[in-house]
């Protein structure tokens, strides 16, 4: 799906418990090429409730792209990823793992769970913003995302 052709903003779900990383992601996406609506949840339980439109998230818009941290409270990102990819109504939503972990075990496990991309968060502020912009450039401008179900 090309968002410029359809004139609607891209819906992004950011699953991140670090307020600083949330602020930086918001800032980087504001300066991106593609209009977007960013929804933020702070743990894995909220992420799944949002995606399944449960409880306070009953009116949530289905995201076109998920940015998922691995180290989350309540339910970690690996569990969230596994549930997303096991759910026939959610599995086609691309999931970009954006995490501090450089562990080979995490990289292998998330790809085994069918993550679409694995990115290690840079510690440097400017590099972090650059990485988020590159996600915006690639996933929202170059890649054709599946239509909403």
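The values are calculated or read from the model by the stated rules, or taken from the named source; none is laboratory data. A quick note: this is a predicted structure, and the numbers were derived from the prediction, not measured. Virtual Cβ from ideal backbone geometry, glycine too; neighbours counted across all protein chains shown.
Cβ-Cβ under 6 Å, sequence separation 6+ or interchain: first residue in the stretch 85-102 and over 21 Å from residue 11 (Cβ atoms), partner in a loop (DSSP other than H, G, I, E, B). Which pairs?
As it stands, the answer is 99/69; 99/70; 100/121; 101/70, since those pairs meet every condition given.
Right, residue 115: assigned to a loop (DSSP other than H, G, I, E, B) and either modelled with pLDDT under 90 or within 13 Å of the chain's Cα centre (by Cα) (or both) or not?
Considered against the rule, which asks whether it is assigned to a loop (DSSP other than H, G, I, E, B) and either modelled with pLDDT under 90 or within 13 Å of the chain's Cα centre (by Cα) (or both), residue 115 comes out as yes.
For residue 129, state whether it is at pLDDT below 90, crowded, with 16+ Cβ neighbours inside 10 Å and assigned to a helix (DSSP H, G or I).
It is true that residue 129 is at pLDDT below 90, crowded, with 16+ Cβ neighbours inside 10 Å and assigned to a helix (DSSP H, G or I).
Restricting the stretch 80-112 to residues that are out of contact with any strand residue (DSSP E or B) (no Cβ under 8 Å at 6 or more places or on another chain) and part of a helix (DSSP H, G or I), which is nearest to residue 52 (Cα to Cα)?
So, considering only residues that are out of contact with any strand residue (DSSP E or B) (no Cβ under 8 Å at 6 or more places or on another chain) and part of a helix (DSSP H, G or I), the one nearest to residue 52 (Cα to Cα) is 83.
Could you figure out which of (1) without any contact (Cβ under 8 Å) to a residue 60 or more places away in the chain; (2) over 24 Å from residue 100 (Cβ atoms); (3) outside any strand (DSSP E or B) isn't true of residue 62?
(1)
Sort through 108, 81, 51, 67 and tell me the only one that's within 20 Å of residue 130 (Cα to Cα) and either touching a helix residue (DSSP H, G or I) at 6+ places or on another chain (Cβ under 8 Å) or surrounded by fewer than 17 Cβ atoms within 10 Å (Cβ to Cβ) (or both).
Only one candidate qualifies: 67.
For residue 141, work out the one condition from (1) closer than 20 Å to residue 25 by Cβ; (2) surrounded by 16 or more Cβ atoms within 10 Å (Cβ to Cβ) it doesn't fulfil.
Evaluating residue 141 over (1) closer than 20 Å to residue 25 by Cβ; (2) surrounded by 16 or more Cβ atoms within 10 Å (Cβ to Cβ) leaves (2) as the failure.
Residue 96: surrounded by 13 or more Cβ atoms within 10 Å (Cβ to Cβ), within 17 Å of residue 28 (Cα to Cα), touching a helix residue (DSSP H, G or I) at 6+ places or on another chain (Cβ under 9 Å) and at pLDDT 90 or above, yes or no?
Answer is yes for this residue.
Against the definition (more than 22 Å from residue 114 (Cβ to Cβ), at pLDDT below 95 and part of a helix (DSSP H, G or I)), how does residue 20 come out, yes or no?
For residue 20, the condition - more than 22 Å from residue 114 (Cβ to Cβ), at pLDDT below 95 and part of a helix (DSSP H, G or I) - is met.
Before we move on, is residue 140 more than 13 Å from residue 47 (Cα to Cα), in contact with a helix residue (DSSP H, G or I) (Cβ under 9 Å, 6 or more places away or on another chain), assigned to a loop (DSSP other than H, G, I, E, B) and at pLDDT below 85?
no
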